[in-house]
1. State all residues of the range 30-75 that are of a type in the set (Lys, Arg) and in contact (Cβ under 8 Å) with a residue 24 or more places away in the chain; if no residue qualifies, say none.
2. Being assigned to a loop (DSSP other than H, G, I, E, B), at negative phi and surrounded by 14 or more Cβ atoms within 10 Å (Cβ to Cβ) is the filter here; which residues of the range 28-70 pass it?
3. Go through the range 109-146 and give me each residue that's β-branched (Val, Ile, Thr) and more than 30 Å from Phe320 (Cβ to Cβ).
4. Quickly run through the range 276-305 and pick out the residues that are more than 18 Å from Ala317 (Cα to Cα) and either part of a loop (DSSP other than H, G, I, E, B) or among the β-branched types (Val, Ile, Thr) (or both).
5. Between residues in the range 228-252 that are assigned by TED's automatic domain parsing to the domain that holds Asp277 and at positive phi and residues that are of a type in the set (Lys, Arg) and part of a loop (DSSP other than H, G, I, E, B), which pairs lie under 7 Å by C-beta distance while being six or more apart or on different chains?
6. I need every pair where a residue in the range 303-318 that is closer than 14 Å to Tyr225 by Cβ and in contact (Cβ under 8 Å) with a residue 60 or more places away in the chain has its Cβ under 6 Å from the Cβ of a residue that is among the hydrophobic types (A, V, I, L, M, F, W, C) and outside any helix (DSSP H, G or I), sequence separation at least 6 or different chains.
7. Collect the residues in the range 218-231 that are in a loop (DSSP other than H, G, I, E, B) and surrounded by fewer than 20 Cβ atoms within 10 Å (Cβ to Cβ), keeping them in residue-number order.
8. Quick one: which residue in Ala107, Ala192 is at pLDDT below 90 and of a type outside the set (Ser, Thr, Tyr)?
Amino acid sequence: MSATNAKPKLAMYWAASCGGCEISVLNIGDKLLVVDEVFDIVFFPAIADFKYDDLRGYPDGYIDLCLFNGAIRNSENEEMARLLRRKSKVLVAYGSCAYEGCIPALANLGSRDALLNMVYMHHPTNDNPDGVLPQTQVQVEEGELELPVFYDSVKALDQVVEVDYIIPGCPPEPHQVWAVMQVVINAFQHGAPLPPKGSIVGAGDVAVCEECPLEKSEKSIARFYRPYEITPEPGVCLLEQGLICMGPATRSGCGALCPQVGMGCRGCYGPLPGVYDQGAKMLSAIASVIAAGEPSQPEEEIERDIQAVIDTIPDPAGTFYRFSMAHSLLHRARTRDAYG
């Protein structure tokens, strides 16, 4: 605890993300009253007017628990990650963006310059006739304005600073949020041990398929569909019906909420234990169930049939690496104009 008989200090910060993780904290409902009773909130810019200088003024280690959500997209994100690491006893990668880069890291399939050129020079609705790109420094009448440096590669939080714990999800489910709060509260108030450093808190150790109630049988997939193209049969495994479902390659703990309402798992809880590359794991799972013709067929015909099935997978990179690009073996596409 920060001081004798003092409340533990809580912080939450929003880097490169959509903001849904901030909202997810509210989903713990009336347990928020317990959080308010136990913690002093000392830095949470999304809900109160905290300034960066407030944070800089705290002693190192002043914050007992920091929930850091969002990927590292620019120099401001990195500066805050390093600052919050220094000021926090326990730093948690909260949600998929901080854990694995998530949707922001799909930008790693291109380059910084290509992205800026598309938005500021070639986008049809952008009012920028001179094609001016954002500058990190510009002089105006009132003085010099600064913008963060926009990096070429998006990184997960643990690729910049050491992370103590991880809460996966896009966003995390309420039971996960409360699980971490309880662990920390018990540690600070009752001296209970904290989990081993690096633990993924509130998630399971098996595939989403193991907790999914949809009926499964022998798979043999002749083509894949986008969700709008078919109405899935209730109660039947979505992957067997040709709908991409990342359940075989994704860690459990969410309760298989998406598959139960007819939407394939997107993979937001990250890879299974022992799996380094979630996308490669899913590609392997799909390769094993593709309908590949008869053994008596010529090899070139079988290859053609397999390719025809694969061609029905929309946006393979965005599908298999939607949440895990920053941590994948790919990490990013090779580009000639890389920066950062």
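1. Going residue by residue through the range 30-75, those that are of a type in the set (Lys, Arg) are 31, 51, 56, 73.
Within the range 30-75, Lys31, Arg56, Arg73 meet the criteria.
2. Keep residues of the range 28-70 that are assigned to a loop (DSSP other than H, G, I, E, B), which gives 28-30, 39, 44-51, 58-62, 70.
Subsequent filtering for residues that are at negative phi retains 28, 30, 39, 44-51, 58-60, 62.
The answer is Ile28, Phe39, Phe44, Pro45, Ala46, Phe50, Tyr58, Tyr62.
3. Initially, the range 109-146 is screened for residues β-branched (Val, Ile, Thr), giving 119, 125, 132, 136, 138, 140.
Passing the criteria: Thr125, Val132, Thr136, Val138, Val140.
4. First pass over the range 276-305, keeping only residues more than 18 Å from Ala317 (Cα to Cα): 288-305.
Within the range 276-305, Ser288, Val289, Ile290, Ala291, Ala292, Gly293, Glu294, Pro295, Ser296, Gln297, Pro298, Ile302 qualify.
5. Gly242/Arg223
6. If the second residue must be among the hydrophobic types (A, V, I, L, M, F, W, C) and outside any helix (DSSP H, G or I), the pairs left are Val309/Ile290; Thr312/Phe224; Ile313/Phe224.
7. Let us first name the residues in the range 218-231 that are in a loop (DSSP other than H, G, I, E, B), namely 218-220, 222-224, 226-231.
Within the range 218-231, Glu218, Lys219, Ser220, Ala222, Arg223, Arg226, Pro227, Tyr228, Glu229, Ile230, Thr231 qualify.
8. Ala192
The values are calculated or read from the model by the stated rules, or taken from the named source; none is laboratory data. Quantities reported herein were computed from a predicted structural model and do not represent experimental measurements. Using ideal geometry, Cβ is built from the backbone for each residue, glycine included, and neighbour counts are taken over all protein chains shown.
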